[in-house]
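The structure appears below as structure tokens.
The values are calculated or read from the model by the stated rules, or taken from the named source; none is laboratory data. It should be emphasised that the depicted structure is a prediction, and the values quoted were computed from it without experimental measurement. Quick reminder, even Gly has a Cβ in these numbers, built from the backbone with ideal geometry, and neighbours come from all protein chains shown. Each accessible area value is taken on the protein alone, full model and side chains, heavy atoms only, with ligands, DNA and RNA left out. Shrake-Rupley method; radii C 1.70, N 1.55, O 1.52, S 1.80 Å.
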Amino acid sequence: MKDIIHGKAYVVGDSIDTDQIIPAVHLVYSMKIPEERQFYGRYALCGLPETSQGLPAGNIPFTAPDRFKSDFTFVIAGTNFGCGSSREHAPFALQEAGAEVVIAESFARIFYRNAVDGGFVIPFESRARLIEQIRTGDVLTLDTRTGVLLNVTTDTEYLLDPLGDIAEILKCGNVFEYARRAGMMA
Amino acid sequence: MAQTITQKILAQHSGRSRVNPGENIWIDVDILMTHDVCGPPTIDIFKREFGESAKVWDKNKLVILPDHYIFTEDPHARRNIELLREFASLHDLPHYYDVGTSRYKGVCHIALAEEGFNRPGNVLFGTDSHTCTSGAFGLFSTGVGNTDAALIMGTGKIWVKVPDTMRFVFEGDLPPYLMAKDLILSVIGDIGFEGGTYKALEFDGKAVFDLSMEERMTLTNMAIEAGGKNGIIAPDEKTFEYVRSRTDHAFEPVYGDPGASYYSERVYDVSKMEPVVAKPHRPDNLANVSEVAGTRLDRAYIGSCTGGKIEDFMAAAAILEGNEVRVDTFVVPASSEVTRQLRERTMNGKTIWQVFLDAGCKMGHASCGACLGGPVDTFGRANGTEVVISTTNRNFPGRMGSKLAAVYLASPLTVAASALHGTITDPREVLV
């Protein structure tokens, strides 16, 4: 886990489910073969209705139609981000697109667990309703050690909730390294 | 200190006498289930972390049920089946249910019940969010991603945070126009679809224990639609009878202690409840059928782990028998066993299958079908601006295939009544 993460914000609404993060029709690609896995980056968040793509303006695709990588490092969401199916392809797709952090008011538990145990994206929770204060395209800097988030564009600072228990897994990289250190696997 | 059934099962599987909500613990897993969408990437992670030639921790405890993208020409989806077949063959897995053979089952959550893998007191994990369905048999069951499943595949262990329990008590006698689907949609509407996040949802009360095992599975199936970690119902004689008819495997039932503390408790009198729907595009967007009655429909869909069991079709057939549907109506059995029963059971001298055919329904093969959209050639998939009423469990934008489609979730009774009229219809209007 990097100490400092810097990049652009992509803002979405409440209760973004995994069908919107990566529609089921795309789940057939290999997550291992490089030529195929890059399609997860292309289709990340493509299930959002157009007017909900990149708030507040909308109609901003997370990944441009002909690209495999997104310009956005942070996904800023409301409540219950990642609800719905257990597909690990969801946090994986965000990582493949180049996102590093999701900041939400709350997460659905399977998405949260997948993000952490697979080491795909760092899920930070925010008490403040950031989706009404940050705009798609704003430049952000996050200190993952302290949870201090700076909106460089508006020069506003926010304090995110501590990562708690899961920080140890994120520091290990994924749950396998964590399990090795806990003596649960060789 | 008294504990809930969920706490006691988790405590037993962590080698402790008690565990507290909020604690992170390592537990032993009795059954791991995976399917064609999440199985291949789980196997890739398993090989990466444990080695190309690693053995699964216990091949008798791994169940692989291809069910999602089966009847499609999509080459990538077909490759996933090949990958499962190779892995099952290489590891000589006894519980692989291959496509195109007499062993093929269909939707994993229903197959787990039919094949006797839902055993009271057990811990069951699966790479599917609706794995919570199995909790209807008095066991702890929940969905995980591929990484967690790969860890279980190699070690038989996983860490969990012990959940608080929300208790839902259903009292009274269930009227004939209501089904378990109405009860669970009402719960989700009441607490909101993140109202149960991280929690165990326990269902209790006379009306729950009056339900068949299939109907109980409809309740626990949709615990995830309120964000729940697991849904659970204490086992009783009906549970034991079902399980013993499906497996000789021993099991030890677990019950909650009297006086266990619950995070919250809600009591419902089912005799006063109404047929309901979840309106587009959220499972908690609750309305009484009477509030949306008359809404024009393009399509009806009866199927999935929630609404594609034999009792779901018996309920729908009772309404459709001798009548004709006014909109395209897709019938997709959850499992090959359900298909067989549709062809064996009769109503007024006709098989149930024939009842649906005569009513003008389109009949599909046992699988997840269009519940989650799937490849573009999936039977019943919404590809445009259809307004659909469905017995499935999710209606997020694009869930059944098209972002422009609008999906209403309802019980098989309500879906059948609505198919007859071509508009959303209260089942009381057509039930005699």
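Computed from label points 7 Å out along Cα-Cβ, the spacing between A:Thr153 and B:Val376 is 3.5 nm. Leaving ligands and nucleic acids aside, the A/B contact buries around 3900 square angstrom of accessible area in total at a 1.4 Å probe radius. Working note: 222 nm ellipticity from helices only, DSSP H runs with n ≥ 4, each -39,500 (n - 2.57), summed and divided by the residues of chain A, gives -6500 deg cm²/dmol to the nearest 500.
With contacts taken as Cα pairs under 8 Å at a separation of at least 6 residues, region B:278-429 carries a relative contact order of 34 percent.
Pairwise Cα separations in region B:1-83 fall into 5 Å bins from 0 onward with the following percentages, short to long: 3, 12, 16, 15, 13, 13, 12, 7, 5, 2, 0, 0. Karplus-based coupling profile of region A:18-31, in residue order and whole Hz: 5, 5, 7, 6, 8, x, 4, 4, 8, 6, 7, 6, 5, 8, with θ = phi - 60° in 6.51 cos²θ - 1.76 cosθ + 1.60 and x standing for Gly or Pro. Here each label is just a point 7 Å from Cα along the line to Cβ, and for A:Ala186 and B:Glu241 those points are 4.9 nm apart.
The HN-Hα couplings worked out from phi for region B:98-107 by the Karplus form 6.51 cos²θ - 1.76 cosθ + 1.60 (θ = phi - 60°) are 6, 5, x, 10, 5, 7, 4, 9, x, 4 Hz, whole numbers, x standing for Gly and Pro.
Within region A:74-94, whose backbone N sits under 13 Å from a point 7 Å along Cα→Cβ of A:Lys8? Inside the label zone: A:74-75. Between A:Ile33 and B:Leu357, the modelled labels are 4.0 nm apart [label points 7 Å from Cα along Cα→Cβ]. Using only the Cα atoms of region B:278-429, build the gyration tensor, take square roots of its eigenvalues as a ≥ b ≥ c, and label the shape rounded, prolate or oblate: rounded if a/c is under 1.5, else prolate if a/b is larger than b/c, else oblate. Oblate is the answer for region B:278-429, as a/c is 1.5 or above yet b/c matches or exceeds a/b.
Summed over all non-identical Cα pairs, the Kirkwood treatment of chain B gives a radius of 21.7 Å. Compute the signed sum of charges (Lys and Arg +1, Asp and Glu -1) over the other residues within less than 14 Å, Cβ to Cβ, of A:Gln133. Combined, the nearby Lys, Arg, Asp and Glu give -2. For the protein assembly as shown, the solvent-accessible area works out to 34 Å² per residue, with a probe of 1.4 Å and every protein chain left in place. Short-range pairs are left out: with C-alpha atoms under 8 Å and at least six residues apart, the relative contact order of region A:6-140 is 32 percent. With both residues required to sit in chain B, DSSP beta bridges show an antiparallel share near 25%.
If R0 equals 60 Å, the separation of the Cβ atoms of B:Arg79 and B:Lys206 corresponds to a calculated FRET efficiency of about 0.75.
Computing Rg and the Kirkwood Rh from the Cα coordinates of the protein assembly as shown gives a ratio, Rg/Rh, of 0.95. Charge tally for B:Pro235 (other residues, Cβ to Cβ under 13 Å; Lys, Arg +1; Asp, Glu -1): -1. Which lysines, on any chain, are close to B:Lys8 with Cα under 21 Å apart, when same-chain ones fewer than 8 places away are left out? Cross-link targets: B:Lys157, B:Lys161, B:Lys199, B:Lys229. Shown here is the pair-distance distribution of region A:106-186: with all Cα-Cα distances grouped in 10 Å bins from zero up to the longest one, the shares run 17, 42, 29, 10, 3 percent.
Counting only aspartates and glutamates at least 8 places from A:Lys32 when in the same chain, those with an alpha carbon closer than 15 Å to its own are A:Glu88, A:Glu96, B:Asp44, B:Glu49, B:Glu52. Based only on the alpha carbon positions, what is the Kirkwood hydrodynamic radius of region B:243-312, in angstrom? Kirkwood radius, region B:243-312: 17.3 Å. A straight Cα-to-Cα reach below 12 Å connects A:Lys2 with the aspartates and glutamates A:Glu100, A:Asp143, residues fewer than 8 places away in its own chain not being considered. Taking the square roots of five times each eigenvalue of the Cα gyration tensor of region B:97-156, the equivalent ellipsoid has semi-axes of 19, 16, 10 Å, listed largest first.
Starting from the Kirkwood radius over alpha-carbon pairs of region A:6-140, derive D by Stokes-Einstein at 37 °C in a medium of 0.692 mPa s and give it in µm² s⁻¹. Approximately 231 µm²/s, per Stokes-Einstein. Counting Lys and Arg as +1 and Asp and Glu as -1 over every other residue whose Cβ lies under 9 Å from the Cβ of B:Thr423, the net charge comes to +2. The relative contact order of region B:1-135, computed from alpha carbon pairs under 8 Å that lie at least 6 residues apart in sequence, is 30 percent. Between the alpha-carbon centers of region B:418-432 and region B:211-283, tell me the distance in whole angstrom. Computed from Cα coordinates, the inter-centre distance equals 27 Å. Across the accessible surface of chain A, with the other protein chains kept in place and a 1.4 Å probe, carbon and sulfur atoms take up 51 percent.
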